[in-house]
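Please treat every number below as a calculation from the coordinates, not as lab data. Only a predicted model underlies this, so the values are computations on that prediction, with no experimental measurement involved. No Cβ is skipped: glycine too gets one built from the backbone with ideal geometry, and neighbour counts run over all protein chains shown.
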Amino acid sequence: MVQEIDEKRAVEQVYQRLTARFPGVDPATVRLAVEEALGSLDGPVRNYVPVLVERAARERLTPI
């Protein structure tokens, strides 16, 4: 339970960092990218989920 709360807090911080990093992107789009990245990580080991979510969402938001 505590780990789940910490993960949610860390993922929210990822959202805040990415919103600041991509000011020209609608925050709803950033939220969607973060949620999609989070949804793709469903394994039992959760320690690195926030880092992996940030990386995946950042890649989705970075223009080519």
Open item on the list: Relative contact order for the chain: what percent, with Cα pairs under 8 Å and sequence separation of 6 or more?
Closed with: 40 percent
Task: Qualifying GluC sites (Glu not before Pro) for region 1-30 [loop in DSSP, other Cβ within 10 Å: at most 16] - done: none
- [ ] Per DSSP H run of n ≥ 4, the term is -39500 (n - 2.57); total these for the chain, divide by its residue number, and report the mean residue ellipticity at 222 nm rounded to 500 deg cm²/dmol.
- [x] -23500 deg cm²/dmol
- [ ] Working from Cα positions, state the angle (0 to 90°, nearest 10) between the long axis of helix 27-39 and the longest principal axis of the chain.
- [x] 40 degrees
Open item on the list: Which of rounded, prolate or oblate describes region 1-44 when judged by the alpha-carbon gyration tensor and an a/c cut-off of 1.5?
Closed with: oblate
Task: At R0 = 25 Å, FRET efficiency that the Cβ-Cβ distance of Asp42 and Ile5 yields, to 0.05 - done: 0.85
TODO: Work out from phi, with θ = phi - 60° and the Karplus expression 6.51 cos²θ - 1.76 cosθ + 1.60, the ³J(HN,Hα) of each residue of region 3-9, listed in order in whole Hz, and give x for Gly and Pro.
DONE: 4, 5, 5, 4, 5, 4, 5
TODO: For helix 49-61, report the angle its Cα long axis makes with the longest principal axis of the Cα atoms of the chain; keep it between 0 and 90° and round to the nearest 10°.
DONE: 20 degrees
